[in-house]
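A quick write-up on the structure given underneath.
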Ligand code: ADQ
């Protein structure tokens with residue numbers, strides 16, 4: 001903390017994300033908080049605990065003000081969202097405008113001025129909270145597409161801060177991004193950061209191209225030069241790839257736990273001890289390619305190329321964004337497809353698709369990963385996809401095969417996977433068959449290669465690399481404070 005500036009806060013490290021890493025335990029009469037699952041949480045929680053910093057975000061409960069609290073060694077600072085904010089900023093602009101636009105317009109993005117106004121208002125509220133709690137020259141790490149205006153807002157209020165931004169989802173090609181009525185404001189918002197991280201080099205390149213094309217700023221390599229404007233001095237911003245990863249040592253520990261291994265054997269028994277268990281684990285989202293996966297599997301069964309007595313598919317789909325129309329549609333389509341396949345292909349005692357629309361604790365999820373001979377990750381577009389990496393981390397005996405979409409960021413990292421184009425059902429079917437029939441030696445070689453990757457590139461290596469690059473960019477932040 002700082003002694004010289006009484007208006008500054010105490011936190012030297014601040015994480016800012018739409019959601020705090022907690023959920024209300026509805027079954028608990030005391031209404032306690034518990035740590036919640038999810039990509040971003042899985043990625044950042046270990047870092048937060050190690051740093052003893054502050055995390056600013058929404059609790060998930062609308063219209064209620066909460067006091068800051070501490071859980072699992074993390075200092076959490078709630079930002080309040082009203083019901084209207086949730087509808088317009090979160091479900092609207094974040095998840096019905098930006099999410100589909102940034103995922104190749106798989107679903108049509110909706111553009112509404114009232115949603116944009118709410119997005120601006122909520123981003124301002126987050127930025128003001130950061131400005132209040134951050135110590136002088138603190139490091140602030142802003143996460144994801146819901147908060148793209150925070151870097152610039154923060155730079156105006158607190159030019160002493162080191163600001164990093166990480167985008168967890170893809171950054172779209174310029175021709176798609178250019179649809180956004182507020183494209184320039186979003187680019188300027190992000191450029192308030194000192195370092196902007198993306199999942200893939202292609203995402204960083206898309207961003208820099210949009211900056212050149214829309215704002216006319218110069219870029220050289222990964223560096224963007226932002227000229228001075230009004231009362232804001234010019235500065236440079238680095239935009240480059242930092243592919244996110246997982247807590248591999250922790251998952252390996254779980255995968256070696258005798259109770260979890262026993263549970264995996266039990267799952268195998270319970271689904272009828274088939275020759276092959278295939279697994280899908282996704283949020284119920286139209287970007288994940290669940291329908292395409294089911295179509296391919298259904299056709300393989302119908303054509304007799306796979307036999308329902310030998311193989312089952314376990315499809316776990318976590319409930320997600322359930323009030324949005326596009327999410328009601330995908331759930332309906334998935335459930336229709338599962339019902340069809342089971343109706344046409346299954347028999348008493350041999351179900352084809354076990355469909356589970358729940359969230360599971362990490363232990364149970366690990367047991368599923370251990371039980372699965374073939375993992376199906378068939379996203380139509382995905383920033384990274386942590387599930388692919390989690391499956392690999394849990395295969396301690398170098399067995400099992402991964403079918404992986406070339407449109408997931410993970411495809412550039414997991415060279416041992418069977419890569420597929422999920423839009424091409426023929427190709428997807430061929431990939432599934434290849435994985436099912438792959439001989440054990442080939443499986444072992446390919447899995448070993450992928451395991452090596454997730455053992456080196458852990459989530460802690462990821463955050464260390466991001467934060468040390470951020471440190472290096474502004475090692476003397478005092479120099480930029482205007483007099
Ligand atoms: P997501 O779209 O949520 O993340 P993903 O990367 O697969 O996608 O992360 C999902 C996480 O939730 C995984 O850790 C998974 O194990 C867990 N999970 C999924 N279903 C579950 C269930 N039923 N029960 C319990 N846990 C479940 C976003 C981006 C991704 C990017 C991450 C991290 O869309 O592309 O990889 O952020 O940056």
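The values are calculated or read from the model by the stated rules, or taken from the named source; none is laboratory data. Here the structure is a predicted model, which means the values were calculated and not measured. Cβ placement follows ideal geometry from the backbone for every residue including glycine, while neighbour counts extend to all protein chains displayed.
Looking across the stretch 390-409 at every residue that is touching a residue at least 40 places away in the same chain (Cβ under 8 Å) and near the ligand (Cβ under 8 Å from one of its atoms), the one that is nearest to residue 451 (Cα to Cα) is identified as 390.
Going by what's in this entry, would residue 395 be described as surrounded by 15 or more Cβ atoms within 10 Å (Cβ to Cβ) and either within 24 Å of the chain's Cα centre (by Cα) or within 26 Å of residue 292 (Cβ to Cβ) (or both)? So residue 395 fits the description; yes. Going by what's in this entry, would residue 425 be described as more than 20 Å from the chain's Cα centre (by Cα), buried (at least 21 other Cβ atoms within 10 Å of the Cβ), away from the ligand (no atom under 11 Å from the Cβ) and touching a residue at least 60 places away in the same chain (Cβ under 8 Å)? It is false that residue 425 is more than 20 Å from the chain's Cα centre (by Cα), buried (at least 21 other Cβ atoms within 10 Å of the Cβ), away from the ligand (no atom under 11 Å from the Cβ) and touching a residue at least 60 places away in the same chain (Cβ under 8 Å). Filtering the stretch 302-328 to residues that are in a helix (DSSP H, G or I) and either without any contact (Cβ under 8 Å) to a residue 40 or more places away in the chain or surrounded by fewer than 20 Cβ atoms within 10 Å (Cβ to Cβ) (or both) leaves 302, 325, 326, 328. All of 96, 45, 50, 107 fail the test of being at pLDDT below 95 and crowded, with 19+ Cβ neighbours inside 10 Å, apart from 45.
Residues of the stretch 430-448 that are in a helix (DSSP H, G or I) and closer than 16 Å to residue 277 by Cα: 431, 432, 433, 434, 435, 436, 437, 440, 443.
Residues are listed down the side, and each one gets a yes or a no for (1) closer than 28 Å to residue 344 by Cα; (2) within 16 Å of the ligand (Cβ to nearest atom); (3) in a helix (DSSP H, G or I):
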| residue | (1), (2), (3) |
| --- | --- |
| 252 | no, yes, yes |
| 295 | yes, no, yes |
| 330 | yes, yes, yes |
| 333 | yes, no, yes |
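Consider the stretch 362-384. How many of its residues are more than 7 Å from the ligand (Cβ to nearest atom) and part of a loop (DSSP other than H, G, I, E, B)? Total satisfying the criteria: 6.
Quick grid of which residues meet (1) surrounded by fewer than 16 Cβ atoms within 10 Å (Cβ to Cβ); (2) farther than 25 Å from residue 85 by Cβ:
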| site | (1), (2) |
| --- | --- |
| 165 | no, no |
| 175 | yes, yes |
| 181 | yes, no |
| 189 | no, no |
| 201 | yes, yes |
| 205 | no, yes |
| 236 | yes, yes |
| 242 | no, yes |
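Applying the set (1) within 16 Å of the ligand (Cβ to nearest atom); (2) out of contact with any helix residue (DSSP H, G or I) (no Cβ under 8 Å at 6 or more places or on another chain) to residue 172 leaves exactly one unmet item: (2). Considering only the stretch 338-350, I want to know if a residue exists there that is touching a strand residue (DSSP E or B) at 6+ places or on another chain (Cβ under 7 Å), within 10 Å of the ligand (Cβ to nearest atom) and closer than 18 Å to residue 284 by Cβ. Looking through the stretch 338-350, none of the residues is touching a strand residue (DSSP E or B) at 6+ places or on another chain (Cβ under 7 Å), within 10 Å of the ligand (Cβ to nearest atom) and closer than 18 Å to residue 284 by Cβ.
For the stretch 21-30, indicate whether the set of residues that are within 26 Å of the chain's Cα centre (by Cα), at pLDDT 85 or above and part of a strand (DSSP E or B) is non-empty. There is at least one residue in the stretch 21-30 that is within 26 Å of the chain's Cα centre (by Cα), at pLDDT 85 or above and part of a strand (DSSP E or B). Being surrounded by fewer than 24 Cβ atoms within 10 Å (Cβ to Cβ), within 16 Å of the ligand (Cβ to nearest atom) and closer than 20 Å to residue 293 by Cα is a property that does not hold for residue 461. Out of the residues in the stretch 265-291 that are surrounded by fewer than 21 Cβ atoms within 10 Å (Cβ to Cβ) and part of a helix (DSSP H, G or I), which is nearest to the ligand (Cβ to nearest atom)? Top of the filtered list is 267.
Scanning the stretch 296-311 for any residue that is modelled with pLDDT of 95 or more and farther than 24 Å from residue 426 by Cα turns up nothing. Scanning the stretch 297-328 for residues that are more than 13 Å from residue 345 (Cα to Cα) and more than 16 Å from the ligand (Cβ to nearest atom) yields 323, 325, 328. Considering only residues that are farther than 23 Å from residue 182 by Cα and in contact with a strand residue (DSSP E or B) (Cβ under 6 Å, 6 or more places away or on another chain), which ones fall in the stretch 75-114? 75, 76, 77, 79 - these are the residues of the stretch 75-114 that are farther than 23 Å from residue 182 by Cα and in contact with a strand residue (DSSP E or B) (Cβ under 6 Å, 6 or more places away or on another chain).
One residue alone among 151, 227, 201 is more than 17 Å from residue 124 (Cβ to Cβ) and touching a residue at least 12 places away in the same chain (Cβ under 8 Å), and that residue is 201.
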